[in-house]
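J.: Take this structure first; my questions come after.
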Amino acid sequence: MRVPTIFRGVLVALIVWFGVGLHAAQADSGSVVLTVFKGGWIIGGSAGHGTLKFGGRTYALSVGGIDYGLVFGGSKTVLRGSVKNIKRASDIEGVYAAAGAGLAVGGGARAIVLTNQKGAVLELSGRQVGLMANADLSGLAITIN
């Protein structure tokens with residue numbers, strides 16, 4: 001049995017159209033720089049700023065959070081890295097949760113991978129300067145200014 005030529009043409013067009021649609025729906029990535037100031041005694045807080053480069057544009061970011069557990073001291077951390085699994089810049093916005101422990105006296109390296117409720121994955125590393133001891137649960141909220 002021969003399939004009519006017009007039917008084959010329509011079928012090929014649908015396959016191509018569907019394939020292009022799937023490619024356009026795939027998530028993308030961008031680069032991130034964050035500067036976070038952190039301080040506390042038992043309960044701690046963090047605040048900072050940063051930038052997201054995504055889709056040929058640069059977006060200003062605000063960072064804030066709270067820590068609870070064993071928190072003592074103050075520090076400044078500059079983190080650089082990438083955000084993955086985003087379709088638009090606003091996908092970076094949200095709350096990122098982490099549990100961790102650390103000690104920084106003077107300066108130290110820091111690396112972290114976080115995920116928000118939209119599925120955005122932050123992979124960051126950098127240097128922490130200050131005196132900070134912590135074994136805590138923390139949350140970090142990022143918004144676009």
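The values are calculated or read from the model by the stated rules, or taken from the named source; none is laboratory data. Quick caveat: nothing in here was measured; it's all calculated off a predicted structure. The protein model used for the area step is the full one, side chains on, heavy atoms only, and it has no ligands, DNA or RNA in it. Shrake-Rupley method; radii C 1.70, N 1.55, O 1.52, S 1.80 Å.
J.: Determine how large the accessible area of Arg57 is when every protein chain is in place; take a 1.4 Å probe and give Å² rounded to the nearest 10.
T.: Its heavy atoms expose roughly 140 Å² to the probe.
J.: Pull up the cross-link candidates among the lysines for Lys118, meaning alpha carbon to alpha carbon under 23 Å and not fewer than 8 places away within one chain.
T.: Straight-distance partners of Lys118: Lys53, Lys84, Lys87.
J.: Along each principal axis of its Cα atoms, how long is the stretch 23-84 end to end? Whole angstroms, biggest number first, please.
T.: Principal-axis extents of the stretch 23-84 (Cα, largest first): 48, 19, 15 Å.
J.: Quote the accessible area belonging to Leu52 in square angstrom, nearest 10, computed with a 1.4 Å probe and with ligands, DNA and RNA left uncounted.
T.: 0 Å²
J.: Quick check: residue separation of Arg88 and Leu131 times 0.36 nm, minus the Cα distance between them. What number comes out in nm? All intermediate terms of the calculation are to be shown ahead of the outcome.
T.: Values: separation 43, 0.36 × 43 = 15.48 nm, distance 3.68 nm.
Taking Arg88 through Leu131 to full extension adds about 11.8 nm, to one decimal.
J.: Val78 accessible area, nearest 10 Å², 1.4 Å probe?
T.: Rounded to the nearest 10, the figure is 40 Å².
J.: Please give the contour-minus-distance gain from Arg57 to Phe72: 0.36 nm per residue of separation, less the Cα-Cα distance, rounded to one decimal in nm. Each step should come with its number before you reach the end.
T.: Values: separation 15, 0.36 × 15 = 5.40 nm, distance 3.77 nm.
Extending this stretch completely gives an extra 1.6 nm.
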